[in-house]
Every structure is written in structure tokens, then in C-alpha cells.
Amino acid sequence: MPDGAAGRSRTTLRVRPATAADAPEVVALAAAAWLDTYEGLLRPATIEAFIRGAYSLERVERRIAGDIFLVAHHAQRIVAFADALERPDRLELAAIYALPAARGGGAGTMLLTALRSRVPGLPVVADVLSGNRKGEIFYERRGFVPRETLEAELAGEPIVERRWWLDPRSTSRENVPMTDPTEIRARLAAVPSILSAAAMAASREPPAQGEWTPTDIVRHLIAVEDEVWHVRLRQLGAEDHPRWSWVEPGRWQGQPAAPLETLLATFGERRAETLAMLDALGPDGWARTGIHATYGVLDVAGLMVRAVDHDDEHIASLSPRTGS
């Protein structure tokens, strides 16, 4: 739900069935997402072999033709995709990936919602590699529950996965208002220190193509704080039921030569301003609502849950990578 940087066109994120013409773009996206997600969790040779096999152009074309295969696109570019198979007793989510730079923008939620609408009576299952916190956070936020552990082999490497289940009656945590202002405020207040620790510990190696550096991520979060949360909180204080659309945020352009430490301090200042705006609303102000084109009616707490969930997804992407 974070919205676009100032001066950028407001373009809607949309979900549609994939076509054969999308296959080359899906192949490139999958490779970038796999490298970003599994580096340090799997051997490089395993990652390379899986991408080469599961995401060859021919294989992707067959998956598009035979599976429930959806893409999310923004400004004529595919930013995420989901591939699922309908079984008699469940919907198996074979893959759901976004471009590293597009994580936290709502594409995954929209894809999952679209999949569930096609088979509303079936639970959804997804297998997540042990240690993949990016995946675990995604499913936790959307109401999935971890159950059985699975042992398997991937390109000759033994792996352990956990199967996550989403009940068909379950409601995503993203759409459930957190009504305790004290709890949501505490979560928001804790982010600057958590972000600082993660950003300073992150690798300083040049990122893979399409991936953001720690500096890029912090600049993005500053822009979102300025141009999304501050703007919407002001609207909630001054308007009745403001309407919001989804657009993609950019990166803050201020202080071009600022080091990471300075940018982290700037984000902390912006978050402090957010907290001050929340404090100024008072108890009655927290009940005010806006209407989002993707997420529906959100009260102040619901809006701020989206804020901290967005923070969490980017912080997870900064996790130090280990292993050969």
C-alpha cells in the first residue's frame, strides 16, 4: 500500500492471468527472486540448477498453460507472479515471488487474494524452506499457520521445509484492525532501532541486478514515511473517509551524498513525526477510517499495521547472508 514518490505518476497495480508472452519476464523475475531469497540458505550450485530446471523458458510456458498462473504488473512491467495447482482438497501454492525491489508493495497480497477467490472453499498450502524468514514473514502476515515438517532433496542437496496452511475461513492479519493503540504504537516506535541494526549488519557487497542496497531501502522507507503515512494521517485528521489508491513509492532524493548512518537517523526523525501525529489524534481520532482501493476500509490502526508490516518485509530483506 505505500504510495508513489512525489512527482511520479500514480499507476495502479493490477493482477491478471499470465500468458505465454509473459514467460521471458517471469523467467528473469524468478531468477532475481531466487538469488535474493535463497543465497546463504542453499548452495550456489543448487540455486543455479533449480532456476535452470524449474524456470527454463519451456518449463514456464508449460506452467502458465497448465496451472493457475497469475502475474501482478505495474507500469507495464511484471513485478510479481504466483503459480498454484488445484487439488481435490487444497490449493497448492507452488511459487509466489516478487522482484526484490517490489517487496512490501502489496503485489503478493493481491495475488494471494486473487488465487483464493478462484477456489474459495479450499485451504491454501505452501512449503517454505527452513530458515527462509522472508517467506515465513509473508505467510505469517497473511494468516497462514505452520504445521508439518517435510524432508526432501533439491538438486542433490538435502533440505527441510515447513508446510504452511491457510484455512479458507481465515482472514489475513493485514485486514484485521489492531485496535490497541498502545500495541501498534510500540511496534512503530521499535522499528528505527531494528532497522539500524539490520542495515548496519547487512552485506556491503554489490547487490544482484534488481536488488536494493541497504541505502536504497532506507531511502525508500524515508520516502514512504514522508509521502504515504504522513499524508494519509493528515487526511484522516481532516477528511471524512478519504480514498486511496495503490502506487509504487520511490527512494528519498534528499541529501544525495549522505552516508547510511545519516539516512538511518533521518528515518528515525520521520518515524518520530509519525508517532507525534498519532499521539495528536487522541482516542476518537483512531476510529477514523479511509478507503483503500486494494485493502478496503482501514482505520488508523489498520493503516499503521500496514506501515509496520511494510517495514518488517524490508528489514527481513536485510538479513545477513551466510554460507558458501
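Does a label point 7 Å from the Cα of R59, set along Cα-to-beta-carbon, have any residues of the range 95-116 with amide nitrogen under 19 Å, and which are they?
Under cut-off, by backbone N: 95-99.
Can you work out the FRET efficiency for the pair R234 and D167, with r the C-beta to C-beta distance and R0 = 35 Å, to the nearest 0.05?
FRET efficiency, R234 to D167: 0.40.
What list of ³J(HN,Hα) values in whole Hz, one per residue of the range 94-104 in order, does the Karplus curve 6.51 cos²θ - 1.76 cosθ + 1.60 (θ = phi - 60°) give from phi, with Gly and Pro shown as x?
6, 6, 8, 9, 10, 4, x, 6, 9, 5, x
Does anything in the range 223-254 have its amide N under 20 Å from the 7 Å Cα→Cβ label point of L281, and if so which residues?
223-247
In a GNM of the chain with a 10 Å cut-off on Cα contacts, which of L111, L195, L41 has the highest mean-square fluctuation?
L41
Between the range 269-294 and the range 95-127, what's the alpha-carbon centroid distance in Å?
First find each Cα centre; the distance between them is then 28 Å.
Report which label in (1) 20.6; (2) 25.5; (3) 23.5 holds the value of Kirkwood radius over Cα pairs in Å derived from the coordinates of this structure.
(1)
Take every Cα pair under 8 Å in the range 98-168 that's 6+ residues apart, average their separations, divide by the length, and report that relative contact order as a whole percent.
Relative contact order for the range 98-168 comes out at 35 percent.
Hey, rough spin-label estimate for E269 and Q255, points 7 angstrom out along Cα→Cβ, what's it come to in nanometres?
Each label point lies 7 Å from its Cα, and together they span 0.6 nm.
Rank-order 21-33, 92-104, 57-69 by packing density, defined as the average count of other C-beta atoms within 10 Å over each peptide's residues, highest first.
Ranked from most to least packed, the peptides come out as 92-104, 21-33, 57-69.
Return the FRET efficiency for the residue pair D89, S203: r is the Cβ-Cβ distance, R0 is 35 Å, and the value is rounded to the nearest 0.05.
0.25
Within the accessible area of the range 14-62, what % is carbon and sulfur when the probe is 1.4 Å and the other protein chains stay in place?
57
Name the residue, out of R185, R77, R251, whose mean-square fluctuation peaks in a Gaussian network model built on the chain with Cα pairs under 10 Å.
R77
Please list E151, E225 from largest to smallest accessible area, probe radius 1.4 Å, with all protein chains kept in place.
Result, largest first: E151, E225.
As a test, work out the antiparallel percent of DSSP beta bridges whose residues both lie in the chain, rounded to the nearest 5.
90
Find, among the trypsin sites (Lys or Arg not before Pro) in the range 141-171, those assigned to loop by DSSP (not H, G, I, E, B) with at most 10 other beta-carbon atoms within 10 angstrom.
In loop regions of the range 141-171 (DSSP not H, G, I, E or B), the sparsely surrounded trypsin sites (Lys or Arg not before Pro) are R169.
Probe 1.4 Å, all protein chains in place: accessible area of W212 in Å², nearest 10?
My reading of the accessible area for W212 is about 40 Å².
For the chain, set up a Gaussian network in which alpha carbons nearer than 10 Å are linked by springs, and say which option among A258, A82, A107 fluctuates the most.
Answer for the Gaussian network model of the chain: A258.
For the pair E48 and A190, how long in nm is the line joining their label points, each one 7 Å along Cα→Cβ?
Output for this residue pair reads 4.1 nm.
For R243 and A20, what does the FRET efficiency come to when R0 = 30 Å and r is the distance between their Cβ atoms, rounded to the nearest 0.05?
With a Förster radius of 30 Å, E is 0.25.
Roughly speaking, to the nearest percent, how much of the range 76-134's 1.4 Å accessible area is carbon and sulfur?
That share works out to 48 percent.
Kindly report the accessible area of the chain per residue (heavy atoms of protein chains, probe 1.4 Å, no ligands, DNA or RNA), in Å².
So the chain comes to 46 Å² accessible per residue, rounded to a whole number.
What would the Debye equation give as log₁₀ I(q)/I(0) for the range 1-124 at q = 0.19 Å⁻¹, counting only Cα atoms as equal point scatterers?
Each listed q maps to, in turn, -1.08.
The values are calculated or read from the model by the stated rules, or taken from the named source; none is laboratory data. Every value quoted in this text rests on a predicted model; they were computed, and no experiment measured them. Glycine also receives a Cβ, built like all others from the backbone with ideal geometry; neighbour counts cover every protein chain displayed. With ligands, DNA and RNA removed, areas are computed over all heavy atoms of the protein, side chains included. Shrake-Rupley method; radii C 1.70, N 1.55, O 1.52, S 1.80 Å.
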